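J.: A single structure is presented below for examination.
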Amino acid sequence: MNKISVKLILSFIAFLAVNFWLIFKGVTKGSAVFFMSPTVEETILFILLQLLVMVVYFIRPLTVKKSRIIYWCVSEALVLFTVFFWGIIIVGPIWFK
């Protein structure tokens with residue numbers, strides 16, 4: 001397989017994992033498992049998603065400039081979608097409560 005497709009698949013899997021976790025938490029209507037507020041838990045998940053995107057990139061980085069641009073644009077779009085959807089649209093601005 002092409003290196004960029006593997007990296008995009010891994011980035012998408014991280015995106016799905018974070019979103020499924022947040023969906024699970026929303027369906028169960030439970031608070032955080034580790035006795036922290038939902039704001040802290042969501043913030044930690046957003047940071048972990050961004051870190052996973054960075055780790056996936058820096059393990060055998062892409063050499064072609066076009067591939068790098070495609071990877072960063074797609075991956076950051078997934079991260080921004082998650083942050084805006086869960087952090088702003090669904091629960092309101094979670095950091096200002």
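The values are calculated or read from the model by the stated rules, or taken from the named source; none is laboratory data. Predicted model, so just to flag it, every value in this text is computed and none were measured. A quick note on method: Cβ atoms are made from the backbone with ideal geometry, for glycine too, and the neighbour counts reach across all protein chains shown.
J.: Out of region 17-32, which residues are modelled with pLDDT of 90 or more and either exposed (fewer than 12 other Cβ atoms within 10 Å of the Cβ) or more than 18 Å from LEU78 (Cβ to Cβ) (or both)?
T.: Within region 17-32, just PHE20 meets the criteria.
J.: OK, next. Determine the pairs where a residue that is touching a residue at least 40 places away in the same chain (Cβ under 8 Å), located within region 1-29, has a partner that is among the small types (Gly, Ala, Ser) with Cβ atoms under 6 Å apart, the partner being 6 or more residues away or on another chain.
T.: Hits for this filter: ILE4/SER67; SER11/SER75.
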